[in-house]
Every structure is written in C-alpha cells, then in structure tokens.
Amino acid sequence: MGIFDIFRTKKPTAEISPILPQEIYEAGTLELRDIIAPSALKVTPRELNLGDKILRTFFVISYPRFLAESWFAPIINLDKVFDISIFIHPIETAKILRQFQKKVAEVQSQIHMKEEKGLVRDPVLDTAYQDLEQLRDDLQQAQQKMFDVGLYISVYGGTENELDKIESEIRSILESKLVYVKPALFQQEQGFRSIMPIAQDELAVHSKLNSSPLSSLFPFISFDLTSDKGILYGINRHNSSLVLFDRFSLENYNSITFAKSGSGKSYATKLEILRTLMFDTEVIVIDPEREYEYMAEATGGRYFNISLNSDNHINPFDLPIPAPDESPVSVLRSNIINLVGLFRIMMGGLTPEEDAIVDRAITETYALKDITADSDFSSVDPPLLSDFELVLSGMEGGESLAQKLSKYTRGTWAGFINRPTNVDINKKFIVFSLRDMEDELKPVAMYIVTHFIWNAIRKNIRRRLLVIDEAWWMMKSEDTASFLYSLAKRGRKYFLGLATITQDVDDFLKSPYGLPIVTNSSIQILLKQSPTSIDKLQQTFNLTDEEKYLLLESDVGEGIFFAGLKHVAIKIIASYTEDQIITSDPSQLLAIQKAKQELLQAEPDPSRPSEAMEEPSHKEETKAQLNAGKS
C-alpha cells in the first residue's frame, strides 16, 4: 500500500493505486490531502507509525450494569494527546423487542430449572430478569431506545514506552469504573480510519446501550462557567477553573442563595460583598443576625443598629425627591400606598373600610404639614407617627385604629419609629442590623428599612447591591413579600442588584412571590441542603438526582452555581486576609476579640513613661496579631 492511500477515500481501497511524490511533482498539482498526509506510514499489529508519532487504538468491550453521569469526564479532561470516536447506530425497537422476548424466556427457563432442582436462588439471574423486564417495558412505552455503540480511543506518543504509560493510565481510569478496553490487534489501520473525522466505523466493535446510559457518554461536559470580567465567586469543582461573573452584565442584576444553616451562605455573601466593593459598587445590607458589624468596621462602612433602644431612627413619612422622569403627584401617591401597607402590618390587617380610613388619614396628615402634590419635597418637614395618630383619632371610625397605634407612639414601642430620620447612608458600605429588634417587630422594621433604602436608591442612580439576609422574614407578610418582588422587578431600572439569601426554603417558596423572585434572579446559588427541603428545590430548579445528592453531601461552601441556563458545581474559597474579615466562626471571632483586649492592656500609661519600655516584644506581637486579623 502506498503512503497516501489511507487518505484517499473517494474510491474503494482495492482500486487505489500508489501515487509517488515524483508523480505529484510531475503533475504540478498539490491537494489538501497531500499536505496533511504524514511523511511515512507503517502498520504493525499493535500500533501505527505516523512519521515521528506512534498511534495505538483501543475499543471498549464491556460496561458495568450502571453508568453514572460524567463517568467519561476523567478521560475527556486527561492532559494527553488522543482522539475519541463515538459511533451510535440506532436499532429498530420492534427488532430488539423480538430478541428480548427470546432472552427473557431463556432467563426464566434457567430460573425455573434451578427451582425444580431445589438449588439456591441465583441473584445474578434474578437481577438480569428484572433488568430485562424493566428495559422491555421502557422500550414498549417508547421511554427508551436501543443503540449499537462503538467507543474507540486512539492515543499518541513519541516512543513505545510513552505510549505504554498513557495506555496504562487510561486503562486504570476506565477499569476503576468497570469499563474494559482492548487494543485493536491487527486492526490498527481500521482503527485509525475509524477515529478520523470521516464518519466511517470500520472497526465495528459495538455494545448495546439504551438511551439513559448512552447520555452519560455525552462528551461536552467539561466547560467553564465564566465571563471576561467580574468578581471571583469560586472554583469550578469539575475542572478547577475560575467562576468569574459580573452580575451587572447579565439580563438582570439579581441573585438568590438557598442553603441550610451553617453551610456557608453568609460567608459566601460577605466574600462577594468584599470583592464587589473593589469595583466601585455601593453595597447595602439588611443584617438580621449582626454578622456584618466587624466587616463594616474593617472596610470603613457604616453600621446602624435598628432596635427599640437604638439611637438610629427612620421616619416612614419621609418623602423622596422626585426623579427627573417622575412627577410629585406619583411620588406622593406611591408613598401613601406604601404607608397603607406598613399600617396593615403594624395593626395585624385592615378591613376594606379601615383601609379607606387609613388612606384618607395619611393624606390629611400630610396636608396638616402643608404637604401636597405641588410642594417641594426637598424642603418640607414631614409629619411623624404621632401626627397621624392625632388625625386618625379625630376621624369617624378611626378611634379604634388610633388605639391600636398608640403602642407605637406612647407605649413600649414608642422609641422605634415616632422620631425624625437621623440615618445617613452616604458611604460605600452600609449595614442595617435587626438582630436586637423583637421578633414581632422584625417584619415592620424590614418594611421600613427597605422602603427607606428604595427611596435613597431612586434619589441617586448609582451601581448598587442590596443584600437581604434571611429573606424568609419578609415572606411572612404579603405586603413585605410583594415589595421584595417589586425590588427584584424594578431594581434594574435604577442600576440595583438584589441579593436574596434564605435558609428556610419552604417558607420562601410557599409565598406566591417566592418563585417569581427566583425566576427574576440571573444568578442562583444552591449550597448544602437539608433532606426536608431538597425535593422542593429539585422540582423548582429541575435538578437531576445526581445534583440532588451532590447538594445533600456537599461540604461547607460547596454547591451549585447557576448563571442563566448554565450551572456548575462550585467551591467557594477565600484568601487568608479575606477570611479574617468575613469569618463567622466563633473561635476565630474570639481570637480577634482577645487580640484587641491584649492590645488595649498593652497600651502605655501616660503617668508611667517607663511602662512603655517594659514589654515591647509582647505589645508588638499583639499588634501584629490584630493587624493580621484586620488586614
């Protein structure tokens, strides 16, 4: 056979005559196949020499009973030079069913013969019978199809020793998964033709596979879920690539995180915040557990503690300054509607008659302060809750409502919202903590704080991220859940990304606004889940069984990262410096607190100048520890 015969496929091999280089030169013609053809070709029983490379082809002869998803990934991602060809030949269902009928009868006959002889039951035969019956049912119901599948692998090396090492590595990977291969002895030429991109299956070594295991062979399973800009969310657990994304480059800027307690959801969120702050983005956090205080201190942000005894107050009657595309009438009307929703939460619900009374009383309260649709909202003095109570008590049918409101103006909760606003959010990082607020008042506090933030966002359009931790608190009330959904829908217009985090999946998704918030989030992060909520998540996110078990068995900081229609298994990793700033580990926090106390104790007494010289090494060591925690 001539050197270039293998590349000439227009005629059968028997009709191809050798073409010598002299003939090509004399003819003066040069085709593409003449350029890509190797300089020499030698076929041996075990390999094929292509110039300075040696090629060896294998075929798969046996598969295990079950093929797990991505079982072929270690071969595909192997850092070696090799080619893979997968030939799939469909088999007519009627034909395979006839063969199945005969095979089932054979297995049944063997089982009955053993029973008649009183022999011990053979579990292999029982399993084979069950598998055959199950597969026959699936074929008859058109849920599965059968295929003849040929899987061929050709590896390349510079020497036979190098080729043997690659062969041994591939064999060990496949045999660990109970997949066995054999070299194409005396068929290396046919094997080479079969792995060439000309779709000719000349080896014809096939195994019968149905649709489900065949899908596990799909080769395009190793991909990078990343973009060319943004922050690092974590490491792709599949191939150790980086998961880089800029939420503000997606179709909307929202994200949602579901995870059980202690699985690292707050850690992941704080890590994103820390990295987002480096990209000129303002971040506002509603913190229900006081987890962001140290981080706000370390990054030069502001921390507001919202509670009954706090010095920080927000007046819900404040009016935002209308944007250029808004009219004062619409701003005033929108604020009145929001206040009606607030009083509905504060009073435990309103009847239609009470709703109308409250709406009219709010309008009259603003009028009491000479605030109308024609007023300049930047210079007005907004009313307080006590002014609203006064108006309400003087209206027919409003006495009982005013009585309910009295606990917010004169009772135990009077110091909460019956004060002028003294909160200024002109820093890049702002935290509102609600940990010290009574549970009964948390939905009210969340409603007031989120509306205050929303008014500030509408006032000045900037790149912002609003983080709502433990968002299931807001899903308890229809008014707060509805407002959270409106933030997810309208935030993009004001360059706002909404990051919703919750551990109570059931309460969140039971709300009629839960699923719409999920669907309006371009980024979705699922970390370790509890068995009680995993089925609901599997249905919501269309997870496979393998992904379901991955979430159940994940370690802290591991899960699945969704961006649009793609998703990967992710591991969230922080540097040492980042970890010291964002950690929620009590042992680490105690160590940082202890270092602070030691530093304060080591400070010299001005009345004793010599004290500064007593233990300089101890002081410097303590300062170094504290700086390591704050850097």
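The values are calculated or read from the model by the stated rules, or taken from the named source; none is laboratory data. Remember, predicted model here, so these are calculated numbers, not experimental data. Please note: Cβ atoms are built from the backbone with ideal geometry, for glycine as well, and neighbour counts cover all protein chains shown.
Only a single item in (1) farther than 25 Å from Phe483 by Cα; (2) assigned by TED's automatic domain parsing to the domain that holds Ala296; (3) not hydroxyl-bearing (Ser, Thr, Tyr) is not met by Ile425, and it is number (1). From the set of residues in segment 228-254 that are closer than 24 Å to Val556 by Cβ and surrounded by fewer than 18 Cβ atoms within 10 Å (Cβ to Cβ), which is modelled with the highest pLDDT? Checked segment 228-254; the qualifying residue modelled with the highest pLDDT is Leu232. Residue check: is Asp83 under 44 Å from the mean Cα position of the chain (by Cα), surrounded by fewer than 10 Cβ atoms within 10 Å (Cβ to Cβ) and within 28 Å of Tyr156 (Cβ to Cβ)? In short, no.
One line per residue, one yes/no per condition, for (1) farther than 30 Å from Asn426 by Cα; (2) touching a residue at least 60 places away in the same chain (Cβ under 8 Å); (3) small (Gly, Ala, Ser):
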residue	(1), (2), (3)
Leu484	no, no, no
Thr532	yes, no, no
Lys536	yes, no, no
Phe541	yes, no, no
Ser554	yes, yes, yes
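Identify all residues within segment 98-108 that are surrounded by 15 or more Cβ atoms within 10 Å (Cβ to Cβ) and of a type in the set (A, V, I, L, M); write none if there are none. Passing the criteria: Val104, Val107. Considering segment 474-521, the residues that are at pLDDT 85 or above, among the hydrophobic types (A, V, I, L, M, F, W, C) and more than 21 Å from the chain's Cα centre (by Cα) include one that is farthest from Phe258 (Cα to Cα), namely Phe495. Between Lys493, Lys528, which is among the basic types (Lys, Arg) and either out of contact with any strand residue (DSSP E or B) (no Cβ under 8 Å at 6 or more places or on another chain) or over 27 Å from Met474 (Cα atoms) (or both)? Answer to the selection: Lys493. Going by the structure shown, is Arg419 part of a loop (DSSP other than H, G, I, E, B) and in contact with a His (Cβ under 9 Å, 6 or more places away or on another chain)? Yes, satisfied.
Specify the residue that is farthest from Asp424 (Cα to Cα); the eligible residues are those in segment 486-502 that are surrounded by 22 or more Cβ atoms within 10 Å (Cβ to Cβ) and polar (S, T, N, Q). By that ranking, first place goes to Thr502.
Screening Ala402 with (1) surrounded by 15 or more Cβ atoms within 10 Å (Cβ to Cβ); (2) touching a residue at least 40 places away in the same chain (Cβ under 8 Å); (3) not assigned by TED's automatic domain parsing to the domain that holds Asp479 gives one miss only, at (2). Looking at segment 1-92, the helices (runs of 4 or more DSSP H) lying wholly inside it that each contain 1 or more residues that are modelled with pLDDT of 75 or more and over 30 Å from Arg136 (Cβ atoms) sit at 32-36, 73-76.
Residues are listed down the side, and each one gets a yes or a no for (1) farther than 18 Å from Phe562 by Cβ; (2) of a type in the set (Ser, Thr, Tyr):
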| position | (1), (2) |
| --- | --- |
| Asp246 | no, no |
| Ser263 | no, yes |
| Leu274 | yes, no |
| Val283 | yes, no |
| Asp287 | yes, no |
| Glu293 | yes, no |
| Glu297 | yes, no |
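The residue pairs whose first member lies in segment 353-380 and is in contact (Cβ under 8 Å) with a residue 60 or more places away in the chain, whose second member is surrounded by fewer than 13 Cβ atoms within 10 Å (Cβ to Cβ) and part of a loop (DSSP other than H, G, I, E, B), and whose beta carbons are closer than 9 Å, counting only pairs six or more residues apart or on different chains, are Val380/Asp370. The residue of segment 455-470 that is surrounded by the fewest Cβ atoms within 10 Å (Cβ to Cβ), among those that are within 26 Å of the chain's Cα centre (by Cα) and at pLDDT 85 or above, is Arg462.
For Ser379, the stated conditions hold: it is outside the structural domain of Asp280 (by TED's automatic domain parsing), over 25 Å from Val283 (Cα atoms), under 46 Å from the mean Cα position of the chain (by Cα) and polar (S, T, N, Q). Hey, any hits in segment 52-73 for a residue that's of a type in the set (Gly, Ala, Ser), more than 32 Å from the chain's Cα centre (by Cα), loosely packed, with under 15 Cβ neighbours inside 10 Å and not assigned by TED's automatic domain parsing to the domain that holds Asp131? Checking segment 52-73: at least one residue is of a type in the set (Gly, Ala, Ser), more than 32 Å from the chain's Cα centre (by Cα), loosely packed, with under 15 Cβ neighbours inside 10 Å and not assigned by TED's automatic domain parsing to the domain that holds Asp131.
Of the residues making up segment 128-142, those that are assigned to a helix (DSSP H, G or I) and exposed (fewer than 12 other Cβ atoms within 10 Å of the Cβ) are Gln130, Gln134, Asp137. Within segment 383-395, does at least one residue satisfy the condition of being part of a loop (DSSP other than H, G, I, E, B), within 15 Å of Leu342 (Cβ to Cβ) and in contact (Cβ under 8 Å) with a residue 12 or more places away in the chain? The answer is yes, given that some residue of segment 383-395 is part of a loop (DSSP other than H, G, I, E, B), within 15 Å of Leu342 (Cβ to Cβ) and in contact (Cβ under 8 Å) with a residue 12 or more places away in the chain.
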